[in-house]
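The values are calculated or read from the model by the stated rules, or taken from the named source; none is laboratory data. Note that the structure is predicted; figures quoted are calculated from it, not measured. Here Cβ is always computed from backbone atoms with ideal geometry, including for glycine, and neighbour counts include all displayed protein chains.
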Amino acid sequence: MGEGWPVMGTVLVVGTTFGVVARQSGLQPLEIIAMSLLVFAGASQFAMVQLFSQATPAPIVIVSVFFINLRHLLMATSLRPQVGRLPLAGRLFAAFFLTDESFAMATGHFRRGGRSLAYYLTFAIALFVLWNLATIIGIVVGGAIGDPRRFGVDFAITATFIGIVVLAIRRPADVVIAIVAGLVAGALALAGASTIAVITAGAVAPLIAVFVRR
Amino acid sequence: MIWIAIVGSALATYLTRSLPFAVTLGGRLPPAATRYLEALPVAIIAALVGPAVVAPEGALTHGAEPVAAALVVAAVAWRRSLLAGVIAGVVAVALIRMA
């Protein structure tokens, strides 16, 4: 479990950043806490803050979050054989805490020959607790900072997204997909179609992957 | 409106986490569908970046955001650290806007 410390440190920093940015965007503390408690997905929560700030209708927010989280289907499918030992209620409980980080740590554990589901559950739930504590710290800090634009804090979400994309690049096609998605969404927003910009660009750009051979 | 979006997003997120744990899928997805699903997260997140860099607050950028975005890419690629990128981007945007 000791190898989890760097991940926990990152979750603490990103969770605090989320609290700060969400508070700065004008969301109420209770709304921000509910997002971390109920949604518990970093990229989605940052995306929600940005979509809220553009007064995006709720159905579009929900569909955008669903698309961002479709990757969970792949991760959960990959963990399915290991959780098969649990009864249905246990599997439904374990599923709530599935994140990129807990998936990565659990996969590493199982690849090394580990069999213990307690490893996944302990780590995944620890991240949930940490994420929510960090959110509250961020809300307190965010309420104390003045105009966010003065310090460039409003750019923190965008910088976080860019970092996530850069770290997720696995092959050249990923670079092309990311650039196409960004440019199409930016062009649509400039053209006045900001409500559908993200979802359209996000759904169209991955078609490139369908036609590119590895 | 915000609460509907929060509860709806929570349900949508839980659905993606729990579906494969709840049911046993027979067979595999076609390779094209797998490739599409694998590319989807990066594309969505990149699509979120586009408007924020090109058209912050709905109008064409004055230049601070694209320059800072390039610095973030460089910082993250170099340090392999999200935090390094966020610090580089926030500091760059604050300095350029001040200039």
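Restricting A:A124, A:A193 to residues that are on the phi < 0 side of the Ramachandran plot and in contact with a Phe, Trp or Tyr (Cβ under 8 Å, 6 or more places away or on another chain) narrows the list to A:A124. Looking only at residues of region A:163-178 that are free of Cβ contacts under 8 Å to residues at least 24 places away in the same chain, in a helix (DSSP H, G or I) and more than 7 Å from chain B (Cβ to nearest Cβ), we find that the one that is farthest from the chain's Cα centre (by Cα) is A:P172. Only residues that are crowded, with 24+ Cβ neighbours inside 10 Å and in contact (Cβ under 8 Å) with a residue 24 or more places away in the chain were counted across region A:179-201, and they come to 2. Count, please, the residues in region A:66-98 that happen to be assigned to a loop (DSSP other than H, G, I, E, B) and either facing chain B (nearest Cβ under 7 Å) or buried (at least 17 other Cβ atoms within 10 Å of the Cβ) (or both). Total satisfying the criteria: 4. Please determine whether any residue of region A:30-50 is crowded, with 22+ Cβ neighbours inside 10 Å, charged (D, E, K, R) and in the same structural domain as A:G108 (by TED's automatic domain parsing). No, every residue in region A:30-50 fails to be crowded, with 22+ Cβ neighbours inside 10 Å, charged (D, E, K, R) and in the same structural domain as A:G108 (by TED's automatic domain parsing).
B:E38: under 30 Å from A:R85 (Cβ atoms) and either at the interface with chain A (Cβ under 7 Å from one of its Cβ atoms) or in a helix (DSSP H, G or I) (or both), yes or no? If you could, list the steps in order and put the result at the bottom.
On the way: under 30 Å from A:R85 (Cβ atoms): yes; either at the interface with chain A (Cβ under 7 Å from one of its Cβ atoms) or in a helix (DSSP H, G or I) (or both): yes.
Yes, satisfied.
Here B:A46 meets each of (1) more than 7 Å from chain A (Cβ to nearest Cβ); (2) in a helix (DSSP H, G or I) with one exception, condition (1). In region A:99-153, which residue that is among the small types (G, A, S) and surrounded by 18 or more Cβ atoms within 10 Å (Cβ to Cβ) is modelled with the lowest pLDDT? Filtering first and then ranking leaves A:G152. For region B:51-73, the count of residues that are over 24 Å from A:F151 (Cα atoms) and at the interface with another protein chain (Cβ under 7 Å from one of its Cβ atoms) is zero. Of all residues in region A:14-25, one or more are assigned by TED's automatic domain parsing to the domain that holds A:V141, of a type in the set (A, V, I, L, M), in a helix (DSSP H, G or I) and over 20 Å from B:I2 (Cβ atoms). Among the conditions (1) away from every other protein chain (no Cβ under 11 Å); (2) in contact with a Leu (Cβ under 6 Å, 6 or more places away or on another chain); (3) of a type in the set (G, A, S), A:G15 misses just one, which is (2).
Consider region A:36-63 and keep the residues that are polar (S, T, N, Q) and within 7 Å of chain B (Cβ to nearest Cβ). The one that is farthest from A:A124 (Cα to Cα) is A:Q50.
Cβ-Cβ distance below 7 Å, separation of 6 or more or different chains: which pairs start in region A:36-60 with a residue that is of a type in the set (F, W, Y) and end on one that is not in a helix (DSSP H, G or I)? Final answer for the pair search is A:F52/A:S25; A:F52/A:L27.
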